[in-house]
Each structure stands twice: as C-alpha cells, then as structure tokens.
1. Can you run down the residue pairs with Cβ atoms below 6 Å, 6 or more apart or on separate chains, where the first is in segment 136-161 and hydrophobic (A, V, I, L, M, F, W, C) and the partner is assigned to a loop (DSSP other than H, G, I, E, B) and modelled with pLDDT of 95 or more?
2. Somewhere in segment 253-270, is a residue under 14 Å from Pro194 (Cα atoms) and of a type in the set (S, T, N, Q)?
3. Quick check on Arg114: is it of a type in the set (D, E, K, R), in contact with a strand residue (DSSP E or B) (Cβ under 9 Å, 6 or more places away or on another chain) and open to solvent by 20 Å² or more (accessible area, probe 1.4 Å)?
4. Can you run down the residue pairs with Cβ atoms below 7 Å, 6 or more apart or on separate chains, where the first is in segment 162-191 and of a type in the set (Ser, Thr, Tyr) and the partner is not in a loop (DSSP other than H, G, I, E, B)?
5. Residues of segment 126-157 being surrounded by 16 or more Cβ atoms within 10 Å (Cβ to Cβ), in a loop (DSSP other than H, G, I, E, B) and among the small types (Gly, Ala, Ser), which ones?
6. Among the listed residues Arg22, Arg60, which satisfies the condition of being at pLDDT 70 or above, surrounded by 10 or more Cβ atoms within 10 Å (Cβ to Cβ) and part of a strand (DSSP E or B)?
7. Quickly run through segment 179-199 and pick out the residues that are part of a helix (DSSP H, G or I), open to solvent by 30 Å² or more (accessible area, probe 1.4 Å) and touching a helix residue (DSSP H, G or I) at 6+ places or on another chain (Cβ under 8 Å).
8. When you go through Arg165, Arg123, Arg220, Arg216 one by one, which is the residue that is open to solvent by less than 80 Å² (accessible area, probe 1.4 Å) and basic (Lys, Arg)?
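The values are calculated or read from the model by the stated rules, or taken from the named source; none is laboratory data. These numbers were taken from a predicted model, which means no experiment stands behind them. Neighbour counts run over all protein chains shown; Cβ positions are idealised from the backbone, glycine included. Just so you know, the surface numbers come from the protein's heavy atoms only, side chains and all, with ligands and any DNA or RNA stripped out. Shrake-Rupley method; radii C 1.70, N 1.55, O 1.52, S 1.80 Å.
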Amino acid sequence: MAVWAKLGSGPREGSGGERRGRRRRWWIAALAAAVALAAGGWVLYTRARPYLHGSGCEVRTAQGKMPLDLEQAANGSTIAAVAARKALPERAMVIAYATAIQESHMRNLAGGDRDSVGMFQQRPSQGWGSPDKLRDPVQSTSKFLDALVKVKDYLDLDLHDAAQRVQRSADGNAYAQHEGDAKVLAQAFGGRSPAAVRCWYPPNKRTAPRRADAVREMRRAFGSRLQVVAPASPDYDAVKSPNDRTGWAVASWAVAHAQSYGLTEVRFAGRHWRAGEGHDGWTHDPKAPATTVIIR
C-alpha cells in the first residue's frame with residue numbers, strides 16, 4: 001500500500017477520470033451548440049426562403065420548359081383564354097404565341113416601330129384599332145385571332161407563313177424560330193399539360209386581395225360561358241370546369257395573375273398551388289375537386 005501511495009497511482013486515476021468528465025461535458029456542450037446553431041439556421045432559412053427566388057414563372061411540359069416573368073405569364077395565359085373563348089384549336093394558339101414572342105417578347109409594350117403598340121405590335125394606322133384597345137391584351141389577342149382565322153387554310157400553312165399573312169412584317173421568316181417555345185406555351189396555358197404553370201414572388205411583392213376583380217377579368221378573357229358557381233364559403237370562388245383542359249387553363253390563368261390580384265391559393269384536380277410556396281409548384285391535394293377550380 002505504501003508503494004502505491006508513493007507512486008501516486010490513486011491521484012493519477014482520479015485526474016484521468018476528471019479529464020474524461022471534462023471532455024464528455026465539452027462534447028455535450030459542443031453538440032448542444034451545434035443543434036442550436038442548426039435550428040437557428042433552419043429558422044433563418046425558412047424565413048428567408050420566400051425571398052431567395054425573387055419573382056418569376058416557369059412552364060414545363062413533356063416538350064420542354066420555358067422561364068417567364070410575371071407579365072409574360074399573365075399575357076401567355078390571356079392568349080390561351082381568348083383562344084378558348086373562340087373555341088380555336090391549339091395550332092391557332094401556337095401561331096399566336098410565336099407571333100407575340102417575336103413582336104414583343106410577350107410583353108404589352110406601350111410603343112414600338114412607328115405607331116405599333118401592344119403585345120402583337122399592331123398599328124392603329126393599319127386599321128387594327130385605337131391604341132388603348134391594342135394595349136389591352138384581351139382585345140389585342142382577340143383581334144389577332146380574328147384576323148388569323150380569316151387566312152385561308154391557316155392550319156395547313158407553315159407557322160411563319162400564317163403569322164406573316166396576319167402581321168405583314170418586314171421579315172416574316174422570323175416567326176418560325178419560336179415555334180418550339182410556342183408549342184410548350186400552348187400545351188401549358190391551354191391546359192393539355194396538367195399543373196404545367198408555376199409562378200412565385202416574395203412576400204413583399206404580394207398585393208391586396210381583389211378576387212372579385214380577378215373573376216371578372218377571367219370571364220372577360222374566357223367568355224361569359226365560364227360559370228362561377230356559388231361556393232360553400234365566402235372565402236373562395238369556384239369556377240366550373242366542363243373538362244380537364246378548360247380547368248387547367250383556368251387554373252393556370254389564376255396562377256399567372258395571382259400576384260396582380262392578390263390570390264393566395266388555386267386548387268384543381270387533386271393539385272394545389274399556394275402563393276407562399278409558389279416556387280415549389282403544384283403539390284398533391286386529394287381533396288381538390290375535379291369539376292371546379294377553387295380560387296382564394
């Protein structure tokens with residue numbers, strides 16, 4: 001025993017245990033700090049996430065995808081709506097989209113070459129109508145499509161030929177280069193590809209709710225045959241869908257115009273779009289009805 005005491009074995013064991021205890025406490029503290037840091041980082045990320053993507057839209061179909069800004073998406077959905085009102089085939093939409101891309105990048109321009117205005121750069125001096133009407137996407141699209149259907153056998157013509165017979169521009173061949181993008185837009189906004197349109201914008205870009213105005217504008221674009229049924233709650237509107245294609249065209253219009261009219265949710269055919277998570281696109285929602293488009 002004296003030897004052990006002399007060698008100091010007892011104190012060394014105690015010292016080693018104390019060091020192990022300190023290391024254990026250090027690791028526990030470090031782990032707790034890491035967990036707290038991760039939790040704080042996640043909270044910060046979830047709060048910042050709605051701002052990270054900015055504003056924008058995307059259409060995606062089996063034929064490809066195309067990025068758009070909010071104005072382009074709203075105008076794109078309007079072209080499909082007016083074509084639906086006139087009961088025109090998808091080919092008419094494709095020609096309209098290719099023309100609008102070439103003439104204005106699908107934006108509602110205040111001016112252009114000489115007296116050209118609007119999305120299709122139509123000229124009042126050439127009999128297209130007054131500037132204020134041509135700056136209205138619904139009316140300018142309607143005028144373009146009315147002129148298109150008067151072109152003999154327009155559905156059988158090459159796209160650039162059909163567009164040029166309406167527009168009579170300096171270089172009619174230029175329309176042909178946009179045919180691929182135009183087909184993607186027609187499938188997405190026309191409703192043939194379900195849940196193909198998503199839009200997003202940060203919370204500071206949200207606007208005051210104007211759902212009644214949105215429904216009125218929607219019916220002006222799609223036509224008075226579009227039925228808005230009495231909802232079970234005043235918190236939303238329900239637009240009757242005669243078929244899937246029309247339903248998705250209406251739903252896409254609502255998503256594309258959500259920022260302008262302060263819309264927060266769109267539900268249809270088992271899918272759900274929310275303004276707060278717009279970049280995530282359409283999520284599954286088994287309670288979303290197949291016969292009506294719900295708009296909040």
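1. Phe144/Phe120; Leu145/Lys86
2. For segment 253-270, residues under 14 Å from Pro194 (Cα atoms) and of a type in the set (S, T, N, Q): absent.
3. So Arg114 fails the test.
4. So the pair list comes out as Tyr175/Ala98; Tyr175/Thr99; Tyr175/Gln102; Tyr175/Leu159; Tyr175/His160; Tyr175/Ala163; Tyr175/Gln164.
5. Of segment 126-157, the ones surrounded by 16 or more Cβ atoms within 10 Å (Cβ to Cβ) are 128-129, 131, 133-145, 147-148, 151, 154, 157.
Narrowing the set further to residues that are in a loop (DSSP other than H, G, I, E, B) leaves 128-129, 135-136, 151, 157.
Matches in segment 126-157: Gly129 only.
6. Going through Arg22, Arg60 in turn, just one is at pLDDT 70 or above, surrounded by 10 or more Cβ atoms within 10 Å (Cβ to Cβ) and part of a strand (DSSP E or B): Arg60.
7. Scanning segment 179-199 gives Glu179, Asp181, Lys183.
8. Just a single option satisfies the conditions, and that option is Arg123.
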